[in-house]
Amino acid sequence: MKISILRDSQPAESRVALVPESVRSLKNEGDVVQVQSGAGAAAGASDDDFAAAGATVLPNRDELLSTCDVLAVVNRPSTPDIELLQPNTVVVGFLKPLDEPDEMVPFLERGVTTIAMELIPRITRAQAMDALSSMATVAGYKAVLMAADLLPRMFPMLITAAGTVAPAKVLVLGAGVAGLQAIATARRLGAVVEAYDVRATAGEHVRSLGANFLQVDLGGIKTEDEGGYAVELSEEALERGRQLIAERARAADVIVTSAQVPGRPAPILLRTSAVDRMKPGSIVVDLAAPTGGNCELSKPGETIAHRGVTIMAPLNVAASVPVHASQLYSRNVAALLRLLRGADGEVRVDLADDVVAPACITHGGQIVNQRVAVALEAFEI
Ligand code: NAD
């Protein structure tokens, strides 16, 4: 397989799809890797590092696009980039097929095969390819550091000659991959942590990290699907959660929110009235900002102040830790590429494979993913 790696098309992006460590392994396994000059610069990987790992470094983006079997990206390439790909090229990356289904049309028209990293199923066999978990891990960690940096208090309890300093109180909403990493990071910094999630199973994980799990009586309704994801709650069930959250928010110095429901806007868990009652100087970091945010006041992509409370709603937290975010993502992508490599070393997209099928969006000039086909239809109506 001939694999191309580009300098990302989004100006604010600092991650790279494959790092030299993965390039070396893929090369040893028989693949050819070509990299655009400067592709890894923001992620700590120089052209020399890529060349030492066995990649060919090319200055010409067009050549990289038009001569590869596989294009590995972080973010979806632009339409002019797509138009330079050969039909049947396979593009692998975060392609947002459900959020922006119409943006898949240029791939379709070009006859390009697309595999969306965010739709890789979370089955045991695909764990090494779980890029969503990789990025959520980085985001959960960094969210706490962002809050700690702005908080006018320290996190740990300190007993000093000048007396005792009380520990910070951190509230985490949504205890999935990002939330659990936020809890672990806040605990390591010495904060007292509590967390809320609608999935009862999250309670065990929260408690195992030394945090208190907040439980709400939702009357025994179904809160998670067969895949272990939260389902969208009724307004009444959401409101019960909000009441408890509002109560606990008064005491919190930091709130990290990460509650999401796949394919849906993020649930509002923190109302303006709850923020109104928070202590001045408190911080909210809303990791659900890319899907609208869990805090009613969040402005995705911005940091705002409301009655002395700072509300951050960052859109690409993983990119602010580019070295490790790229390293983890690169390992996820490399694992997928191995799955796409046939016995003869050439690309083979097997739509009977239970990892490839749900993640493949376009193939052979057709939308092969039912969910995306429905989303696209709804979009076009
Ligand atoms: P996610 O990003 O979709 O959601 C984050 C969290 O928000 C989830 O824990 C969810 O329960 C919670 N949430 C949703 N609505 C809420 C509401 N109204 N109030 C409070 N909390 C709400 O989820 P994720 O972090 O990607 O992972 C979700 C699940 O998948 C978890 O059970 C996780 O352990 C599991 N998972 C499994 C694998 C695997 O087996 N390979 C890998 C990763 C994650």
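The values are calculated or read from the model by the stated rules, or taken from the named source; none is laboratory data. Keep in mind that this is a model prediction, so the values were computed, not measured. FYI the Cβ positions are ideal-geometry reconstructions off the backbone, even for glycines, and counts take in every protein chain you see. Surface accessibility is based on the protein's heavy atoms, side chains included, excluding ligands, DNA and RNA. Shrake-Rupley method; radii C 1.70, N 1.55, O 1.52, S 1.80 Å.
A few notes on this one:
- Gap separating the Cα centres of the stretch 67-124 and the stretch 331-381, nearest whole Å: 9
- The order of 47, 197, 354, 99 by accessible area, most exposed first and with a 1.4 Å probe, is 99, 354, 47, 197.
- Distance between the 7 Å Cα→Cβ label points at residue 150 and residue 377: 4.3 nm.
- Stretchable slack from residue 66 to residue 27, in nm (0.36 nm times residue separation minus alpha-carbon distance): 12.0 nm
- Bridge orientation summary for the chain: considering DSSP beta bridges with both residues in this region, about 25 percent are antiparallel.
- Pairs of Cα atoms farther than 20 Å apart, the stretch 216-306, %: 36
- Dividing the Cα radius of gyration of the stretch 2-142 by its Kirkwood radius returns 0.95 for Rg/Rh.
- Looking at the stretch 228-381, the DSSP beta bridges with both ends there are about 45 percent antiparallel.
- Inter-label distance, nm, simple model (7 Å from Cα along the C-beta direction), residue 48/residue 307: 5.6
- Ranked by the mean number of other Cβ atoms within 10 Å of their residues, highest first, the peptides 27-35, 179-187, 356-364 come out as 179-187, 356-364, 27-35.
- Once both labels are positioned 7 Å from their Cα atoms along Cα-to-Cβ, the gap between residue 78 and residue 204 label points is 4.9 nm.
- Span-rule helices in the chain, defined as complete DSSP H runs reaching 24 Å or more along the axis (Cα) with Kyte mean at least -1.0: 131-150, 322-340
- Inter-part distance where the stretch 278-324 and the stretch 207-246 are each reduced to a Cα centre, Å: 22
- Note on residue 86 and residue 370: the extension gain reaches 99.8 nm, defined as 0.36 nm multiplied by sequence separation minus the Cα-Cα distance.
- Solution diffusion estimate, µm²/s, Stokes-Einstein, the chain, Kirkwood Rh from C-alpha pairs, 4 °C, viscosity 1.567 mPa s: 59
- With contacts taken as Cα pairs under 8 Å and at least 6 residues apart, the stretch 1-45 reaches a relative contact order of 54 percent.
- Computed over protein heavy atoms with a 1.4 Å probe, the accessible surface of the stretch 207-319 works out to 46 Å² per residue.
- Sulfur and carbon atoms: percent of accessible area, the chain [1.4 Å]: 51
- Phi-derived couplings, Karplus 6.51 cos²θ - 1.76 cosθ + 1.60 at θ = phi - 60°, listed residue by residue for the stretch 361-369: 9, 10, 6, x, x, 10, 7, 9, 9 Hz, with x used for Gly and Pro.
- Whole-Å semi-axes of the stretch 62-134's equivalent ellipsoid (Cα gyration tensor): 23, 14, 10
- For the stretch 281-381, Kirkwood radius (reciprocal of mean inverse C-alpha pair distance, Å): 17.3
- Within the full protein context, the accessible area of residue 324 is estimated at about 110 Å² for a probe radius of 1.4 Å.
- If R0 is 22 Å, the Cβ-Cβ spacing of residue 127 and residue 353 corresponds to a FRET efficiency of close to 0.90.
- Per residue, the stretch 1-113 exposes an accessible area of 39 Å² to a 1.4 Å probe, with every protein chain left in place.
- Packing here is the average count of other Cβ atoms within 10 Å per residue, and on that basis the peptides 345-352, 59-66, 76-83, highest first, run 76-83, 59-66, 345-352.
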